[in-house]
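Everything below concerns the one structure shown next.
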Amino acid sequence: MSAVRSEVDDEVTQYLTFAVSDERLAMSIDAVKEIIETPAVTRVPMTPDYIRGVINLRGSVVPVIDLGARLGRGPIVLTKRSCIVLVEVHVGDESHVLGMLVDEVKNILEIACEDIKPPPEFGSEIRTDFIEAMGRVDEVFVIILSVDHVLSMQELAALRRLSQEAAPGGADGES
């Protein structure tokens, strides 16, 4: 009996849960690099509404995505509980750090594999590629985001350019 119990325990994955516009979302804890208080964010002209701006993170320029605006829920209103979840996004063989502004980080959940369901299919007109899965927690589903797909490849390339241009010395300051 204990051998069966240990196999079940191994089939659990950890997810960071957070709130965006009163909606509970999650992402794999493996994607999270750090959670920071909301520092001063420098707006960058002529960027989409969901790009909140850039922050200085220990000398590096990190773009910040307003996850509320990105998911069509409206921009996040900063409060004491607002924070930035730093994630590593992979594009091809490159990885980039970006910040996701959320209303509040909730907790870390362990969700058993049998409680993870594939994302819903709404047809080709509705984009769901940013949903990795649906996690059932206490008979309620939590949307598990696919961090690598919250932004499209073109949007990620634009963010990379933005980071380079905002860095001291601009794009020419790159080595």
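The values are calculated or read from the model by the stated rules, or taken from the named source; none is laboratory data. Computed from a predicted structure; not experimentally measured. A quick note on method: Cβ atoms are made from the backbone with ideal geometry, for glycine too, and the neighbour counts reach across all protein chains shown. Heavy atoms of the whole protein, side chains included, go into the accessibility calculation; ligands, DNA and RNA do not. Shrake-Rupley method; radii C 1.70, N 1.55, O 1.52, S 1.80 Å.
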Lone unmet requirement of (1) within 26 Å of Q14 (Cα to Cα); (2) at pLDDT below 90 for I65: (2)
Residue match in segment 70-90 (condition: in contact with a Lys or Arg (Cβ under 9 Å, 6 or more places away or on another chain) and farther than 23 Å from E155 by Cβ): no
Subset of segment 19-29 [open to solvent by less than 20 Å² (accessible area, probe 1.4 Å) and closer than 14 Å to L71 by Cα]: A19, V20, L25, A26
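Could you grab me the full set of residues in segment 31-50 that are hydrophobic (A, V, I, L, M, F, W, C) and either in contact with a Gly (Cβ under 6 Å, 6 or more places away or on another chain) or part of a loop (DSSP other than H, G, I, E, B) (or both)? It would help to see each step written out before you state the result.
Pass one, segment 31-50, residues hydrophobic (A, V, I, L, M, F, W, C): 31-32, 35-36, 40-41, 44, 46.
Correct list: A40, V41, V44, M46.
Quick check on segment 135-146: of everything there that is of a type in the set (A, V, I, L, M, F, W, C) and open to solvent by less than 10 Å² (accessible area, probe 1.4 Å), which residue is nearest to the chain's Cα centre (by Cα)? Talk me through it step by step, then tell me what you get.
The initial filter retains those residues of segment 135-146 that are of a type in the set (A, V, I, L, M, F, W, C), namely 137, 140-145.
Next, only the ones that are open to solvent by less than 10 Å² (accessible area, probe 1.4 Å) stay: 142, 144-145.
Values: V142: 14, I144: 10, L145: 7 Å.
The selected residue is L145.
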Pair list, Cβ < 9 Å and 6+ apart or interchain, from segment 28-45 residues that are within 24 Å of V91 (Cα to Cα) to residues that are at pLDDT 90 or above and surrounded by fewer than 14 Cβ atoms within 10 Å (Cβ to Cβ): S28/Q14; I29/Q14; I29/I108; D30/Q14
Enumeration of residues in segment 46-87 that are surrounded by 14 or more Cβ atoms within 10 Å (Cβ to Cβ), farther than 15 Å from E104 by Cβ and small (G, A, S): G53, A69
Qualifying residue in segment 10-28 (condition: over 18 Å from I144 (Cα atoms) and assigned to a strand (DSSP E or B)): no
Contacts under 6 angstrom Cβ, first residue in segment 138-151 being in contact (Cβ under 8 Å) with a residue 12 or more places away in the chain, partner surrounded by fewer than 18 Cβ atoms within 10 Å (Cβ to Cβ) and among the acidic types (D, E), 6 or more apart: H149/D129
Sole residue being modelled with pLDDT under 95, among the small types (G, A, S) and part of a loop (DSSP other than H, G, I, E, B), chosen from G53, G72: G72
